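All remarks here apply to the structure that follows.
The values are calculated or read from the model by the stated rules, or taken from the named source; none is laboratory data. Everything numeric in this text was worked out from a predicted model, so none of it was measured. Don't worry about glycine lacking a Cβ; one is built from the backbone with ideal geometry, like all the others, and counts go over all protein chains shown. Surface accessibility is based on the protein's heavy atoms, side chains included, excluding ligands, DNA and RNA. Shrake-Rupley method; radii C 1.70, N 1.55, O 1.52, S 1.80 Å.
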Amino acid sequence: MKSYRQELWFNLPARMEFLNITPQVAECVKSSGVREGMCLVNAMHITASVFINDDEPGLLNDYKKWLEELAPFDPSPERYHHNRTGEDNADAHHKRQIMGREVVVAITEGKLDFGPWEQIFYGEFDGRRKKRVLVKVIGE
Amino acid sequence: MKSYRQELWFNLPARMEFLNITPQVAECVKSSGVREGMCLVNAMHITASVFINDDEPGLLNDYKKWLEELAPFDPSPERYHHNRTGEDNADAHHKRQIMGREVVVAITEGKLDFGPWEQIFYGEFDGRRKKRVLVKVIGE
Amino acid sequence: MKSYRQELWFNLPARMEFLNITPQVAECVKSSGVREGMCLVNAMHITASVFINDDEPGLLNDYKKWLEELAPFDPSPERYHHNRTGEDNADAHHKRQIMGREVVVAITEGKLDFGPWEQIFYGEFDGRRKKRVLVKVIGE
């Protein structure tokens, strides 16, 4: 069994933003030399997500609006107890749960085994600092 | 290490519907010959989900009502920017994020390693056309 | 390829509660002897979750309040059809979908490959009885 590990680093300039990281993940799969196996891609931070959906700017805008409705940014300690610790990012911990921590993608014949529109996104909910994603590939 | 790949195709007659696909996935595990490993089951479309929960008709009805409250169907371009592209399925992209893209199930002694009530569902949020699920098994 | 399987049992005294199970999962990884691979941790019950986030009491309190808003406990059969079966836990089936069934964690050099604040939680939404989590490790 082969295994491969790579960290991808990001520093997004907005509090909330989505970035298509499919090319970087595909590069990891290529570097791994794995032909048949699985690829785990997960946020290493707990105020960020990795998810798969459509690379359509209108949809990504809709997600931002929707997540803001479901878990509004509010730095005050009244709405979120977490912000009593001096943090202001409790909303980001909630948004991340909706969008998910990780995806697992099949690798078939050396490539990400995707449907027609699947793209991997890094979802940032507390940006403006360096954060990272883990790519782990196993198989043979 | 063994690996196995199978696509399951569906064409559900409603916009939103849930289908228990546990028998088909169990058949894939059997065909794979894997005794110890992992089974990934994921929607290959971005307006559909694969999730695990209870096969109880009342609950599935509850999920439909709840998802419609969280992300209502609205083909107009006002609520969802995504629908400015000519699509009418922005709500489906949101519902899918709540219910998830994929499940990973352990395989033990050649079988899906399940608790007493776990069943695998295909969740369709933009149906009335052919769509598919990927089953990938690795192990030995 | 090596594989390892362990069930973790819990009996939480509240209807809704979160428990940090990282030490038990880390012990499973150690026992597995796997140096490079993947670790699946999933709830075996459909009214419970396994998820990764921050071990901060204020945040866990925020999650409880938020989940109660998104899917309120209501034993009556009016809100949830599922409760017409005699059950009172339909809300728990909804909360579990928000927080997720499972996590997959990379194993690198014999350890859970985590970012700085990642901790694995068991999320109970219908407690006061014995329930279990499955840990499955594959790799070599």
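Compute, for the protein assembly as shown, the length of the dipole vector about the Cα centre, with Cβ point charges of +1 (Lys, Arg) and -1 (Asp, Glu) only. Units Debye, rounded to 20.
Rounded to the nearest 20 debye, it is 1000 debye.
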- Message: Residues of region C:88-128 with backbone nitrogen within less than 16 Å of a virtual label 7 Å along the Cα-to-Cβ line of C:Arg15, please, listed as ranges.
- Response: C:88-96, C:124-128
- Kindly provide log₁₀ I(q)/I(0) values, in the same order as q = 0.06, 0.11, 0.13 Å⁻¹, from the Debye equation applied to equal alpha-carbon scatterers of the protein assembly as shown. -0.21, -0.78, -1.15
- Message: Nothing charged except the Cβ atoms of Lys and Arg (+1) and of Asp and Glu (-1): what's the magnitude of the dipole of chain A about its Cα centre? Round to the nearest 20 debye.
- Response: 580 debye
- Message: Once you place label points 7 Å from the Cα toward the Cβ at A:Arg129 and C:Lys65, how far apart are they in nm?
- Response: 2.3 nm
- Task: Would you calculate, for chain A, the mean residue ellipticity at 222 nm contributed by helices, counting each DSSP H stretch of 4 or more residues as -39,500 (n - 2.57) and dividing by all residues, to the nearest 500?
- Result: -7500 deg cm²/dmol
- Cβ-placed point charges (K, R +1; D, E -1), dipole of region A:1-76 about Cα centre in debye, nearest 20: 440 debye
- Task: Rank A:Ala43, A:Ala106, A:Ala92 by mean-square fluctuation in a GNM of chain A with C-alpha springs under 10 angstrom and give only the top-ranked residue.
- Result: A:Ala106
- Nearest 10 degrees, 0 to 90: what angle lies between the long axis of helix A:22-32 and the longest principal axis of chain A (Cα atoms)? 40 degrees
- Message: For B:Glu140, project a label point 7 Å along Cα to C-beta. Then give me every residue of region B:1-27 with its amide nitrogen under 16 Å of that point.
- Response: B:1-4
- Note on the structure: Taking Cα atoms, the helix B:57-70 axis meets the longest principal axis of chain B at an angle in degrees (rounded to 10) of 50 degrees
- Task: Partner chain Cβ atoms within 10 Å, averaged over the residues of B:58-66 - can you pull that number for me?
- Result: 6
- Task: Run through the other copies and list how far each one's label point is from that of B:Glu27, in nm with one decimal, shortest first; the point sits 7 Å from Cα along Cα-Cβ.
- Result: 4.2, 4.2
- Which of B:Glu118, B:Glu27, B:Glu17 moves most in a GNM of chain B, Cα contacts under 10 Å? B:Glu27
- Item | Virtual paramagnetic centre 7 Å along Cα→Cβ of A:Ser76, amide N under 19 Å, in region C:53-67 | C:59, C:62-63, C:65-66
- Mind checking which of A:Ile52, A:Ile98, A:Ile120 has the largest fluctuation in a GNM of chain A, springs on alpha carbons under 10 Å? A:Ile98
- Query: How far apart are the C:Gly110 label points across copies, placing each 7 Å from Cα toward Cβ, in nm, shortest first?
  - Reply: 3.5, 3.5
- Message: Sort B:Trp117, B:Trp66, A:Trp9 by heavy-atom solvent-accessible area, probe 1.4 angstrom, most to least.
- Response: B:Trp117, A:Trp9, B:Trp66
- Of all the C-alpha pairs in region C:2-115, what % are more than 19 Å from each other? 54 percent
- Using only the Cα atoms of region B:19-62, each taken as one equal point scatterer with no solvent, compute I(q) by the Debye sum, divide by I(0), and report log10 of the ratio at q = 0.17, 0.23, 0.28 Å⁻¹. -0.63, -0.95, -1.11
- Item | For A:Asn61, inter-copy label distances in nm, listed shortest first [label point 7 Å out on the Cα-Cβ vector] | 3.9, 3.9
- With Cα atoms, 0 to 90° folded angle of helix B:90-99 axis to chain B main axis: 40 degrees
